[in-house]
Amino acid sequence: MNVSNRQTAEELTEKLVRQYTEIAQLAGALAHEIKNPLSTIRLNMELLAEDFADSPSPKERRALRKIEVVQRECQRLQNLLDDFLNFAKIRRLKLEPTDLNQVIERTLDFYAPQAAEANIELIRYLDSELPSVMLDAEPFRAALLNLIINAQQAMPEGGQLCVRTFPRGNSVALQLIDTGCGFDEKTGVQIFDAFFSTKAGGSGLGLPTTAKIIEAHDGRITVQSEVGLGTQFTIELPVPPRIAANGDE
């Protein structure tokens, strides 16, 4: 590629980034504008529900049931807007050399009480020789926790969740393997698409948001699944090049 072509490609990339930023900001502003009247509707529905709460009238009890339907739908819209704002957020990561195993341990320790309640056995195979990676720990933990909750939802009767790490070439791999219900190949192709969901009432933004966080770390996430057997998510993160002790490249 000659200099002029490279400059043209760089200019195109910058233009696309600016366009994405503008769209993300516009979408975020629109979502905030929707949230304001939605909050007013929710508040008034709560007040109406209180007015009808102790009424003996059959007509007013029917009205209360209709109010409760509106309240549930308002809450669903609120959840969808929150998920959308998180998905559309422009992520500026603060990357630092991080012990990936330590981040995983803390996340699993945080989740352990919920796992016990859901009858899920946590199995850890974390390579003690794993090299450090560049992470912004908090958003990465959020992405990891979302995958863990996704696994729990796939195992409503309980099961096992295996978390393992190991080196893979110039990267490190993190796998989450559950014994849940799994899904077919058609679902696997769409699972990271925005607003695609197999769950009733789901926003379809949880896994796409997770994928965006992983990609913002210059990583990638893939999935393998089989109906009735379980699902395996694999995250790969690059290992930063080591600087020689004497300062030579």
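All of the numbers you see were taken from the coordinates with simple rules; none came from a lab. Please read all numbers here as calculations on a predicted model, not as lab measurements. Note that each Cβ is placed from the backbone with ideal geometry, even for glycine, and that neighbours are counted across all protein chains shown.
Below are the figures for this structure:
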item	result
Length added when fully stretched, Glu68-Leu95, from 0.36 nm per residue minus Cα-Cα	5.2 nm
Label zone at Val239, where the point sits 7 Å out along the Cα-to-Cβ direction: the stretch 127-141 residues whose backbone N lies under 11 Å	129-133
Cross-link table Lys186/Lys212; Lys35/Lys66; Lys94/Lys186; Lys35/Lys212, entries beyond 26 Å C-alpha to C-alpha	Lys94/Lys186
Cleavage-rule hits (GluC sites (Glu not before Pro)) in the stretch 87-192: DSSP loop, at most 11 neighbouring Cβ within 10 angstrom	Glu129, Glu157
Derived scalar couplings ³J(HN,Hα) [the stretch 49-66; Karplus, 6.51 cos²θ - 1.76 cosθ + 1.60; whole Hz; x for Gly, Pro]	4, 5, 4, 9, 4, 10, 6, x, 6, x, 5, 6, 5, 5, 4, 4, 5, 5
Residues whose placed amide H lies under 5 Å from that of Ile120, excluding near-sequence neighbours	Gly159
Contour minus Cα-Cα distance for Glu60 and Val227 (0.36 nm per residue)	55.4 nm
Antiparallel content of DSSP bridges confined to the stretch 71-195, in %, to 5	60
Simple label model, 7 Å out from Cα along Cβ direction - Gln153 to Leu77, nm	2.2
Placed amide H near Leu95: partners under 5 Å, 5+ positions off or other chain	none
